[in-house]
Amino acid sequence: MAQLQLALNVPNLQTAIIFYSQMFSTEPSVVRAGYANFRIIDPPLKLVLFEDKDVLGGTINHLGVEVNSKLEVTQAEERLVSEGIKTTGIEDVACCYAEKTETWINGPDGTRWEWYVRTGDSEQLDKSIKNCC
């Protein structure tokens with residue numbers, strides 16, 4: 001089953017971790033420098049926090065749909081393209097302390113969407129392309 005992801009920019013990571021831990025009664029599953037990742041069971045949500053000290057209040061970094069397999073990413077990519085939606089194409093990347101297979105689209109309002117499957121752990125926050133499918 002796919003899971004919705006909400007990635008937020010927050011001015012103070014520690015304050016945001018405390019708030020969202022209390023709000024959803026769960027601790028983050030990953031905390032790294034400038035980054036926290038929650039897997040919330042109820043409601044089903046993957047919440048990702050990126051610390052950005054220059055942001056005033058929280059802002060949306062991006063939205064995403066996390067799926068269970070590379071096949072589901074490929075199927076989503078094919079469906080999006082068939083609907084006339086421009087994508088970045090499918091890439092294997094290391095980003096946000098995870099290895100992923102992903103594709104990206106931009107909504108008409110500029111909101112960035114990521115369709116992806118997490119395939120492993122990584123030690124880097126910034127994106128690097130591992131290879132292209």
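The values are calculated or read from the model by the stated rules, or taken from the named source; none is laboratory data. Just so you know, these numbers come straight off a predicted model, no measurement behind them. Ideal geometry is used to build each Cβ from the backbone, glycine not excepted, and the neighbour counts take in all protein chains shown. Protein only, heavy atoms only, side chains kept; ligands, DNA and RNA dropped before computing areas. Shrake-Rupley method; radii C 1.70, N 1.55, O 1.52, S 1.80 Å.
Couple of notes before you dig in:
- Selection within the stretch 79-98 - of a type in the set (A, V, I, L, M, F, W, C) and open to solvent by 70 Å² or more (accessible area, probe 1.4 Å): Val81
- Members of the stretch 8-51 found to be open to solvent by less than 30 Å² (accessible area, probe 1.4 Å) and in contact (Cβ under 8 Å) with a residue 60 or more places away in the chain, listed by number: Gly34, Tyr35, Asn37
- Test: residue in the stretch 118-130 that is modelled with pLDDT under 95 and more than 23 Å from Ala33 (Cα to Cα): no
- Pairs where the first residue, in the stretch 114-128, is farther than 8 Å from Cys95 by Cα and the second is at pLDDT 80 or above and assigned to a loop (DSSP other than H, G, I, E, B), C-beta under 6 Å, 6+ apart: Val117/Val67; Val117/Ser69
- For the stretch 99-115, taking the residues that are surrounded by 13 or more Cβ atoms within 10 Å (Cβ to Cβ) and polar (S, T, N, Q), the one that is nearest to Ser29 (Cα to Cα) is identified as Thr101.
- Of the residues Glu114, Glu78, the single one that is of a type in the set (Asp, Glu), over 26 Å from Asn12 (Cβ atoms) and at pLDDT 90 or above is Glu78.
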